[in-house]
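Working notes, beginning with the structure itself.
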Amino acid sequence: MTTNLRETAARLLAEGTVQLVLGWERGTLPLRTTPLFAREPGEAGRLVYDPTCDQNLAGYLGRVKEERVALIARPCEARALVEQVRENRIDRDRVLAIGLPCSGRISRSALASRLTGRVIREGRLAADRLVVAGDDWREEFPWTEVLDPVCRGCRLPDPGIYWAAPEGAVPPEGDRFAEFDRRRSLSPEQRRDEFRQAAERCLACYACRQACPMCSCAECITDRTAPAWLGPAADPSDTMLFHLVRAMHLAGRCVDCGACARACPVGVDLRHLHLALEREGSERFDHCPGLDPASRPLVGGFRPDDREEFIL
Amino acid sequence: MNPYLPHLAIIEDVIPETASHDVKTFRVAFAEPEVRAGFRYEPGQFAEVSVIGAGEAPISITSSPTQEGYLEFAVKRAGVMTTAMHHARPGDYLGIRGPYGNHFPYREMEGKNVVFIAGGIGLAPLRSLVTFVLAPANRERYGAVSIIYGARSPGDLVFKWELERWGQRDDLDLEVTVDRGDAAWQGRVGFVPQVLRELAPRPDNTVTVTCGPPVMIKFVLQDLEKLGFTPDQVITTLEMRMKCGIGKCGRCNIGARYVCQDGPVFTYEQLQKMPAEY
Amino acid sequence: MKDSPALAVFLTCDQVPRVLAASAGRGSTWVAAGRGEESGFVPYRPGLCLAREAGPTRHTLKALFFPRAEVLFGYEIVDGVPRLHPACSPDRPAVVFGARPCDARALVLLDPVFEEPPHVDGLWGGRRQAITLVGMGCERPGPACFCPAVGGDPLGEEGLDVLMVPVEGGYVVRPLTERGRAWTEPLELPAARPDQEAAAEATAARARERLGAPPAVDLQAALGRHFEHPLWDRLHERCLGCAACTYLCPTCHCFDVGDEDGRRWRRWDSCMFPTFTLHASGHNPRTGGKERMRQRLMHKFCYYPERRGRPACVGCGRCVEICPANLDLRSVLAQLEGVQA
Ligand SMILES: Cc1cc2nc3c(=O)[nH]c(=O)nc-3n(C[C@H](O)[C@H](O)[C@H](O)COP(=O)(O)OP(=O)(O)OC[C@H]3O[C@@H](n4cnc5c(N)ncnc54)[C@H](O)[C@@H]3O)c2cc1C
Ligand code: SF4
Ligand code: SF4
Ligand code: FES
């Protein structure tokens, strides 16, 4: 698959169909990848594609200047692209989405807890096996044991968004709402405490926001000084406010790619805030983000038959 | 030692400067007599001024050390703290810490002619040096003194009361200009660089001191070069976003220079060696 | 003032809890504890899981001396007259146990920033003065570590009062200062035997070999020449513009100041944010992501060295480890070193 991908990318660049291919290449640490901005056909030879591809590349689309861009697109990137197109943030014809079948991604935090913090010196994938080794240990197991929970029950968007649709994609089975449902079963106090603990850990570094392909505001509320929404005291109520505002701004737009949680340097995962809104949208308004570029926005779209029993 | 703790000062007078009142001059005196007696500064230095509860901002000390017993700050309403300051009245309290930064090289300038070139509120930092140079004890140490000052419109000129006093002196050549005049305006109309080209000061034994909006500075520098001024004869004072004022918060650097400590006064010669990040 | 190495003592692994309990009995003792993204420095309590990973903890030692937010002073306004209350001295640890040599060295790099006259920052200085730093040498540097490249060493002593060198079965414990001796002596540990000393040397040799020799490049000069190099356009494009690297860097010290709830605070801030340099007028001297990333690197490897003679990086590799884009400082620097002027 990687060979094919490299060839296709090199050809698109050589023929001038696109001026940039956005993909991944090997990173500098075991089991890490890093975004590749390939502009020369020769650079396409560095492309890789496997379950260690971690970031959501669609986040870079708004930053690059090239006239036409090929985007290596898993369903995560494709769903984000759908939303960006729907919001007129990107011209659909500017992007050639090269769809690749995805069977899920490795969660670095799941891997870290499985290895109980032991440092990985070497890691590689051999078919469906993950081989990891440290100073005086070595382990091998199916990589799906450390599958990113986001990937369970993944959704593929409208094939119309692809330039080359992924063939033979078999999304991992399961329920991406599992953790969300566990939280739902907790008491409001327990949920509040969990949220508060996360907010206390949050450094307000905004890696989550920056890694998010849908966080597109030119100026975030955190940048405002008059009034300053987040005070200098760094109170957890400030980070709570930030995450709640972020979730609300992403209502009906979050494509549940999990990039925010993966980006956080201190392990804050607040995906459930977004899932709560996603579920509201789907149950009440039959809305599903990231699947259809022609759909109406969840917030800001109105139909006479919308349910409105919550309006007093 | 807590270098962030300000001294309290009481506002004695508030003078609205511009027609829209977006610039006001505040005359303040320290609340404690020892601080009042001990606060020494040089023309070109700034202070961190606070409205307690609203924040702090770096403001040039526009008064001169030759004026004893009080300090003056001319403040443009820009954001949170400066807006709060604009609401203050005589008798209200401010916090002041400083003085910070380097100062105009007034000793090295002795014996030379001085040309001041200012635009808008850029006159505020220069005024300290103008007053210093014009003080009876200092005036004879300097050659001819001229001031070219401009603003967008007559209503945007600051320190009009001071300009009137300066205009009456015969040991000073004052040229005031506005980009656009109005019905009542009798003076010059034209941009500062135009006036500079017209007056064409001679570079020999002369220094220029300039401060104003970035576009003005850009053209003034070009024109001074054409008039034969070398970069070391051009002195300016810079603005950068600041917080601590004392080289700790890492905010105000241009290359390896911290504007709060190594500046805000630089010669054009120094600026040319720094990255153009200001 | 250094002691002769002959005074080194030996601590077995199972004595560690006793030693920590004794230290905590004498004064507030903080330890490097926890795993992965939650690891950092916390007050000692029995049963705590000590950090044992290769490389440094995720959270920095700097945060004990320069917390994410701290009060500069308190204020109240009574009948229109403000009253200011200097910050009460915050709780400070007397002993920190388990800091890596890179983290200790970072404090030494920050000391002049905060304490250089005439503006001495007593908030930093006060905490620094009273501390005994018991460091844990690195037996197995982490995959992101590169301390030798920036003048450090996995068994470096700079900034530490005591250095512990891990060997089979325990640690060779070397008091390095008066304060270090005052911490070690009451523990009444046996002197390290020559074979244990030799094992400590072997630990050091292994760790150094793993890290490799520092590159023989004048990085400061290279960066100084390449400020305008077009390579920056490519280098920065993966950078997301978050502040993870700066907030978790042990030498980054930028902060913001503001008033809230009757207090004036300082809070970490980052040169990676556009608002960092934004003037109230709307003008911004650093216009984009390229300029901001360049500033971060230039500050560490060019501007700071220009003022203080060595880089403001200790090679802890935290930024390498946490960057969501795996934008690796080491390869960025290598590329900049490699370009021709
Ligand atoms: C050395 C120096 C001298 C100055 N002298 C004067 C003067 O005499 N008169 C005058 O009106 N203005 C002066 N300024 C500009 C003045 O500091 C800003 O307009 C002011 O900080 C805006 O603060 P704010 O709280 O109202 O704005 P906000 O937009 O709310 O700013 C929040 C904070 O950002 C910082 N900040 C924002 N803009 C600037 C800026 N341009 N420069 C520095 N810090 C900034 C401040 O710390 C401020 O508290 C000077 C700036 C410097 C660096
Ligand atoms: S990435 Fe993590 S630490 Fe940073 S702002 Fe987001 S939740 Fe907070
Ligand atoms: S720049 Fe990176 S490697 Fe260097 S001290 Fe900071 S976090 Fe550590
Ligand atoms: S204003 Fe803080 S370093 Fe200059």
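Numerical summary
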read-out	value
Distance between region C:302-325 and region A:169-239 - C-alpha centres, whole angstrom	29
Under 21 Å from the Cα of residue B:160 - lysines, other chains or at least 8 residues apart	B:24, B:76
Where B:226, B:76 fall by accessible area, highest first, once all protein chains stay in place (1.4 Å)	B:226, B:76
For region A:1-52 versus region B:45-106, the gap between their alpha-carbon centres in whole angstrom	56
Residue-averaged [θ]222 nm for chain B, counting only DSSP H segments that reach four residues, each worth -39500 (n - 2.57)	-6000 deg cm²/dmol
Antiparallel content of DSSP bridges confined to the protein assembly as shown, in %, to 5	65
Only Lys, Arg (+1) and Asp, Glu (-1) charged, at Cβ; region A:30-72 dipole about Cα centre in debye	120
Net charge dipole size for the protein assembly as shown [Lys, Arg +1 and Asp, Glu -1 on Cβ; Debye, nearest 20]	760
For residue B:157, solvent-accessible area (1.4 Å; no DNA, RNA or ligand), Å²	10
Residue B:160-residue A:125 pseudo-label distance in nm [points 7 Å out on the Cα-to-Cβ vector]	7.4
Charge dipole (region B:113-237, unit charges on Cβ, about Cα centre) - positive-most of B:163, B:144, B:216	B:216
Qualifying lysines (Cα of each under 26 Å from Cα of residue B:273; at least 8 residues distant if same chain)	B:112, B:218, B:226, B:243, B:248, C:290, C:300
Separation of alpha-carbon centers, region C:37-94 and region B:199-278, rounded to whole Å	39
Inter-label distance for residue A:181 and residue B:107, nm, one decimal - labels placed 7 Å from Cα along Cα-to-Cβ	8.0
Whole-number accessible area per residue in Å² for region B:113-196, which is evaluated in the context of all protein chains at 1.4 Å	41
Test item: Cα-centred dipole of chain B, Lys/Arg +1 and Asp/Glu -1 on Cβ, debye	500
Percent antiparallel among DSSP beta bridges (both partners in chain A, rounded to 5)	65
Value of [θ]222 nm, deg cm²/dmol, for chain A, DSSP H segments ≥ 4, -39500 (n - 2.57) each, nearest 500	-8500 deg cm²/dmol
Most positive-pole-ward Cα, C:255, C:200, B:123, against dipole of the protein assembly as shown from beta carbon charges	C:200
Förster-model FRET efficiency, 45 Å R0, residue B:67 and residue C:185, C-beta, rounded to 0.05	0.15
Residue-averaged [θ]222 nm for chain C, counting only DSSP H segments that reach four residues, each worth -39500 (n - 2.57)	-9000 deg cm²/dmol
Farthest toward positive dipole pole in chain B [+1 Lys/Arg, -1 Asp/Glu at C-beta], among B:35, B:96, B:187	B:96
Loop sites in region A:1-107: GluC sites (Glu not before Pro), DSSP, at most 12 other Cβ within 10 Å	A:15, A:67
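The values are calculated or read from the model by the stated rules, or taken from the named source; none is laboratory data. Source: prediction; values computed, not measured. Glycine also receives a Cβ, built like all others from the backbone with ideal geometry; neighbour counts cover every protein chain displayed. Only protein heavy atoms, including side chains, enter the accessible area calculation; ligands, DNA and RNA are left aside. Shrake-Rupley method; radii C 1.70, N 1.55, O 1.52, S 1.80 Å.
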